[in-house]
Amino acid sequence: MGSFVDEKNEIQRWMGVVAYDGTGFDGWQAQPSGNTVQDCLERALEGILKVKVRIQGSGRTDAGVHARAQVFHFDAVWKHSAEQFMKALHTRLPISIRLNALRPVEADFHARYSAASKCYVYQLAYGMMDPFEARVRWGILNKDYSPEIAEVVARSFKGSHNFAAFAALRQPGQTIDDPVRVVSRFEVKTLGERRYDIMVEANGFLYKMMRSMIGAFVDCCGGRIRVEDIESALTSGQRTHLISTAPPHGLFLDHVTYAND
């Protein structure tokens, strides 16, 4: 990360990359409770800059969801180096939020609209877990895992589909304007001891889409639903009782990719 000094006291756009443990937070986006990751970052910036600063994230994460590399941007006047800026922010942030990077960018950069794709990882554990692992993995008891079925489900989700059946509405009566998303990657990584990480990359995600895909994946591997049920939901775009939603604590926003990366 290079240095930058704003000698003219002009507003500069900054890009940050932040990791956080979502346990105990009410998600990413600012809320009246003040208990979100965005709220914490904005309070830290205001404490340093002495003015209110609004940040824009690459997307929302729900309460309890974690991130390894959430991207955000904001505009501010800062007359010292980027390294000093990041150190100053860390003194005002809880240990559960840590910056991976902070640097000046072009004025037209937008954390959300400039993104080419996002990648999430969901962590599964079949069988018993210790209480610390249980904070970051969905523990699945009394269900089987089928590598053969997992491979078929992964192929079904890849490609361009109407994912309305795997989304939730933020408000009653709301509609999804564009439910089509392109999943370029659906990869299951076996870690041993019946531990699996599922990595999904797409050009965008609908609200609770990733968690609904994982719920269907687990239910299909466990025999509750069939692969045909998943394929039918992708064709119809109609959500039914067959699609369940995985809990938030196993989900990580892994990284965001931009066209010039």
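Based only on the alpha carbon positions, what is the Kirkwood hydrodynamic radius of segment 115-261, in angstrom?
Final number for the Kirkwood radius of segment 115-261 is 15.6 Å.
Using the 2.2 N^0.38 Å rule of thumb for compact globular proteins, work out how segment 1-95 stacks up: its C-alpha Rg over that value, please.
Taking N as the residue count of segment 1-95, the ratio is 1.08.
Just to check, using Stokes-Einstein with a Kirkwood Rh over alpha carbon pairs, what's the diffusion coefficient of segment 181-226 at 25 °C and 0.890 mPa s in µm²/s?
Once the numbers are plugged in, D ends up at 209 µm²/s.
Return the sequence-ordered ³J(HN,Hα) values of segment 137-143 in whole Hz as given by the Karplus equation 6.51 cos²θ - 1.76 cosθ + 1.60 applied to θ = phi - 60°, using x for Gly and Pro.
9, 7, x, 10, 9, 6, 9
Long-range amide H contacts for Val53: which residues qualify at under 5 Å (H placed 1.01 Å from N, peptide plane, sequence gap of 5 or more or a different chain)?
Those lying under 5 Å, H to H, from Val53 are Glu46.
At most 12 other Cβ atoms within 10 Å and a DSSP loop assignment: could you name the trypsin sites (Lys or Arg not before Pro) in segment 13-59 that fit?
Qualifying residues, ordered by number: Lys50, Lys52, Arg54.
Per residue and in cubic angstrom, what volume does the convex hull of the Cα atoms of segment 142-187 have?
109
Using the alpha-carbon atoms, what tilt in degrees (0 to 90, nearest 10) does helix 37-49 show relative to the longest principal axis of the chain?
Helix 37-49 sits roughly 10 degrees off the main axis of the chain.
From largest to smallest, what semi-axes in whole angstrom does segment 200-261 give when each is the square root of 5 times an eigenvalue of its alpha carbon gyration tensor?
Ellipsoid semi-axes (Å, largest first): 24, 14, 10.
Can you compute 3J(HN,Hα) from phi for each residue in segment 126-131, using the Karplus curve 6.51 cos²θ - 1.76 cosθ + 1.60 with θ = phi - 60°, rounded to whole Hz and x for Gly and Pro?
Each residue's phi maps through the Karplus curve to give 9, x, 6, 10, 7, x Hz.
Where q = 0.13, 0.30 Å⁻¹, what log10 of I(q)/I(0) comes from the Debye formula for segment 14-68, counting one point per Cα?
For segment 14-68 at q = 0.13, 0.30 Å⁻¹, log10 I(q)/I(0) is -0.29, -1.31.
Could you give the radius of gyration (one decimal) and Dmax (whole number) of the Cα atoms in segment 61-176, in Å?
Considering segment 61-176 through its Cα atoms, Rg and Dmax are 19.9, 58 Å.
Counting other C-beta atoms within 10 Å, and keeping those with at most 12, which DSSP coil GluC sites (Glu not before Pro) do you find in segment 155-261?
Answer in residue order: Glu193.
Percent of accessible area on the chain owned by carbon and sulfur, 1.4 Å probe?
Reported share for carbon and sulfur atoms: 49 percent.
Just the number, please: Stokes-Einstein D of the chain in µm²/s, Kirkwood Rh from C-alpha pairs, 20 °C, 1.002 mPa s.
It diffuses with D of about 109 µm²/s by this estimate.
Could you run the Karplus curve 6.51 cos²θ - 1.76 cosθ + 1.60 with θ = phi - 60° over segment 101-112 and give me ³J(HN,Hα) per residue in whole Hz, x for Gly and Pro?
With the stated coefficients, segment 101-112 comes to 7, 7, 7, x, 9, 5, 5, 8, 5, 9, 4, 8 Hz.
The values are calculated or read from the model by the stated rules, or taken from the named source; none is laboratory data. Only a predicted model underlies this, so the values are computations on that prediction, with no experimental measurement involved. Counting neighbours? That spans all protein chains shown, and the Cβs are built from the backbone with ideal geometry, glycine included. Side chains included, ligands, DNA and RNA excluded: accessible areas come from the protein's heavy atoms. Shrake-Rupley method; radii C 1.70, N 1.55, O 1.52, S 1.80 Å.
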